[in-house]
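Just so it is clear, none of the values below were taken in a lab; they were calculated from the coordinates. No experiment lies behind these values; they were computed from the predicted model shown. Reconstructed Cβ throughout: ideal geometry from the backbone, glycine too, with neighbour counts over all protein chains shown.
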Amino acid sequence: MRTSYPKVRLRRLALPIAGALGAAAAVVPGAVAGSAPTSASFTAYDYGWMANGSAARTRVTIARGSTVTFAYPSGRSEHNADFFGTGPKPSGCTQTAGPSSGGVPPLPRQPTSAGWSGTCTFNAPGTYTFHCDLHHFMTATIVVQGTGGPPLAGRPSRAVSIRRHQRGTAVRGVVRLSNAATGGRLEVDLRTSAKALGRHGRRPVRVGRLIRTRLKPGTVRFAARLDPAAKRAQRTAGSLALTVEAIVTPPGFGPTSVTRRVRLRP
């Protein structure tokens with residue numbers, strides 16, 4: 001859940017560059033997290049994971065360079081821990097007990113009956129998701145905390161550049177990231193009024209979203225596209241007024257949000 005903060009208006013700070021960057025509505029600074037632990041454990045059971053001995057938890061946050069222990073001490077099935085897909089992988093793993101079925105990770109290489117254990121080291125910040133190869137619903141998450149500090153490189157008025165008037169069916173912009181954003185997540189949400197879409201209601205409606213993960217320091221260029229309903233409304237009215245929110249979430253810390261207003265013409 002995103003922490004709520006008072007709105008900080010940027011207009012006075014950004015007057016010299018308002019034309020190029022567009023109006024800035026608010027900045028929500030990320031919550032500062034405490035020091036993360038340097039170790040954690042996941043225990044497999046039939047059919048789930050216990051984080052640090054609790055079946056109610058399937059997510060842990062650890063410091064960079066920490067070690068996590070995995071084990072399946074008892075049960076009647078076969079399980080393993082596989083960091084699947086295109087997400088980040090551990091820096092290295094070692095199987096310490098049970099029959100070996102090949103190189104790790106996955107840990108063990110193949111789903112294995114009870115009695116195995118091992119460890120993995122995580123040197124890079126990011127969000128690591130794993131499951132059992134035999135039971136894909138057995139998922140859990142490890143968040144490796146980053147360095148801390150502001151994820152944006154410089155003041156938000158300069159770190160997030162989104163032109164106020166644009167053409168096309170996508171809002172384009174630039175986000176400049178600091179080292180603290182390494183391994184984190186960027187989300188860009190487009191919202192407009194229900195009235196602009198010909199609907200009832202007062203709450204803004206999300207009409208586009210872009211998400212990027214495994215961020216690196218430096219300049220990130222994005223193009224967040226309108227959904228079909230917003231494109232129709234844009235064609236009918238000749239333009240569409242949007243609120244654009246760029247949210248950067250470093251690993252293990254709260255999000256930093258910057259909001260701008262954009263008018264998008266076909």
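Against the globular-protein guess of 2.2 N^0.38 Å, express the Cα radius of gyration of the chain as a ratio, rounded to two decimals.
Compactness ratio reported: 1.21.
Summing -39500 (n - 2.57) over the DSSP H runs of n ≥ 4 in the chain and dividing by its residue number, what mean residue ellipticity at 222 nm do you reach, to the nearest 500 deg cm²/dmol?
Dividing the helical sum by the residues of the chain leaves -1500 deg cm²/dmol.
Quick check: from the Cα gyration tensor, does segment 126-266 come out rounded (a/c under 1.5), prolate or oblate?
oblate
Sorted from largest down, what three extents in whole angstroms do the Cα atoms of segment 173-233 have along their principal axes?
43, 19, 14
With just the Cα atoms of segment 129-204, tell me how far they stretch along each of the three principal axes, in Å, largest first.
Result, largest extent first: 47, 37, 24 Å.
Once you compute Rg and the Kirkwood Rh from C-alpha atoms, what is the Rg to Rh ratio for segment 39-144?
Computed over Cα atoms, the ratio is 0.92.
Between segment 71-111 and segment 149-164, how far is it from one alpha carbon centroid to the other, in angstrom?
41 Å
Among HIS165, HIS135, HIS79, which comes first, then next, by fewest other beta-carbon atoms within 10 Å?
With the sparsest Cβ surroundings first, the list reads HIS165, HIS135, HIS79.
Whole-Hz Karplus ³J(HN,Hα) for segment 102-114, in order, using 6.51 cos²θ - 1.76 cosθ + 1.60 and θ = phi - 60°, x for Gly and Pro?
x, x, 10, x, x, 10, x, 4, 10, x, 10, 5, 4
Pick from ALA224, ALA51, ALA233 the residue whose mean-square fluctuation is largest in a GNM of the chain, springs joining Cα atoms under 10 Å.
Checking each option, the largest mean-square fluctuation is seen for ALA233.
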